Amino acid sequence: MSEDVSEMKKQFYWQGLRVPYIAPWSAEKTPPYTIVDRVVRGRPGIGYIDETHLDRRRGVLWMRQGVARGVGTPAFGGVHSLRQRQCMVYLLCQVCGNSTFDDHFTAWGERHLWVARATEGRALQEGEITAMPPICLPCALESVNACPRLRARTTAALVTYVEPWGVLGVPYDPQSLRPMPPSAWESAGQAPVGSSREPWMQAAQSLVTLRRVTPVDLRDLAAAR
């Protein structure tokens, strides 16, 4: 499963709406797998019985998910594990899938744009931990216009750089090797890099910390284009 993301991404639409690059499609099924004990980098944890080098990144076990973008029906509210990770590693736009190292990045003093729904009016802050990848300005404006919930409560910020924080996923019980119930999850299924929870996690999304965060108004960014 290649992580080469250098080419421009084909865009898919559904009922007139652009389907976000990170959205999963119904044909992207999770293949069957068996979890076993495994020692990785000297630490006991979990692995797949038929594990390959594609199943891990930086020693962390990742969820298996089929790759068939554009086939079937899109799940707009869902997240495809591999494509989300690609967006975080290469700083790709979560909607179009293309690089955010674009002309706007240069014009903004080599900063990337992050946009999120402002829960209870809360803006993006310095040190924010998020699973939400960056977004390019045209896709941000398109998303806000298309989504009433996002349009009503949008927070945006320019970010100079991001740091890997850890992963979001499903923790497994070291004794039974079964997924732990959500009620038993520590930190909502999050595992920081190097933590004792990390080897027992089946990662689904990459988490990063936003650094040198400057809140902005999307309307001001759009007007300055």
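Considering only residues of region 157-190 that are of a type in the set (A, V, I, L, M), modelled with pLDDT of 95 or more and in contact with an Asp or Glu (Cβ under 9 Å, 6 or more places away or on another chain), which is nearest to LEU92 (Cα to Cα)?
So the residue we want is VAL159.
Restricting the search to region 57-85, which residues are small (Gly, Ala, Ser) and under 16 Å from the mean Cα position of the chain (by Cα)?
Within region 57-85, ALA75, GLY77, GLY78, SER81 qualify.
Provide a single number: the residues in region 77-123 that are open to solvent by 40 Å² or more (accessible area, probe 1.4 Å), part of a helix (DSSP H, G or I) and either within 19 Å of ARG225 (Cα to Cα) or without any contact (Cβ under 8 Å) to a residue 12 or more places away in the chain (or both).
Result for region 77-123: 5.
Being open to solvent by less than 30 Å² (accessible area, probe 1.4 Å) and in contact (Cβ under 8 Å) with a residue 24 or more places away in the chain is the requirement here; does VAL40 meet it?
No, not satisfied.
Every residue in region 6-38 that is among the β-branched types (Val, Ile, Thr) and modelled with pLDDT of 95 or more, please.
VAL19, ILE22, THR34, ILE35, VAL36
Determine whether GLU126 is within 20 Å of GLY169 (Cα to Cα), surrounded by 13 or more Cβ atoms within 10 Å (Cβ to Cβ) and among the acidic types (Asp, Glu).
Answer is no for this residue.
Can you name the residue in region 208-217 that is open to solvent by less than 20 Å² (accessible area, probe 1.4 Å) and of a type in the set (A, V, I, L, M) and, of all such residues, is nearest to the chain's Cα centre (by Cα)?
Here the residue is VAL208.
With the checklist (1) surrounded by 12 or more Cβ atoms within 10 Å (Cβ to Cβ); (2) part of a helix (DSSP H, G or I) in hand, flag the one item ALA188 doesn't pass.
That leaves (1) as the condition not met.
For every residue, the table says whether it meets (1) touching a Phe, Trp or Tyr at 6+ places or on another chain (Cβ under 6 Å); (2) surrounded by 13 or more Cβ atoms within 10 Å (Cβ to Cβ).
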residue: MET132; (1), (2): no, yes
residue: PRO148; (1), (2): no, no
residue: LEU158; (1), (2): yes, yes
residue: TYR161; (1), (2): no, yes
residue: VAL170; (1), (2): no, yes
residue: ALA184; (1), (2): no, no
residue: SER195; (1), (2): no, yes
residue: ARG219; (1), (2): no, no
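Please go through region 173-185 and give me each residue that is assigned to a loop (DSSP other than H, G, I, E, B) and of a type outside the set (Phe, Trp, Tyr), ordered by number.
Passing the criteria: ASP173, PRO174, GLN175, SER176, LEU177, ARG178, MET180, PRO181.
Among the numbered conditions (1) touching an Asp or Glu at 6+ places or on another chain (Cβ under 8 Å); (2) among the hydrophobic types (A, V, I, L, M, F, W, C); (3) open to solvent by 40 Å² or more (accessible area, probe 1.4 Å), tell me where MET63 comes up short.
Of (1) touching an Asp or Glu at 6+ places or on another chain (Cβ under 8 Å); (2) among the hydrophobic types (A, V, I, L, M, F, W, C); (3) open to solvent by 40 Å² or more (accessible area, probe 1.4 Å), only one is false for MET63: (1).
The values are calculated or read from the model by the stated rules, or taken from the named source; none is laboratory data. The shown structure was predicted, so the numbers you read here are calculated from the model rather than taken from an experiment. Don't worry about glycine lacking a Cβ; one is built from the backbone with ideal geometry, like all the others, and counts go over all protein chains shown. Please note that ligands, DNA and RNA were not included when accessible areas were found on the heavy atoms of the full protein model with its side chains. Shrake-Rupley method; radii C 1.70, N 1.55, O 1.52, S 1.80 Å.
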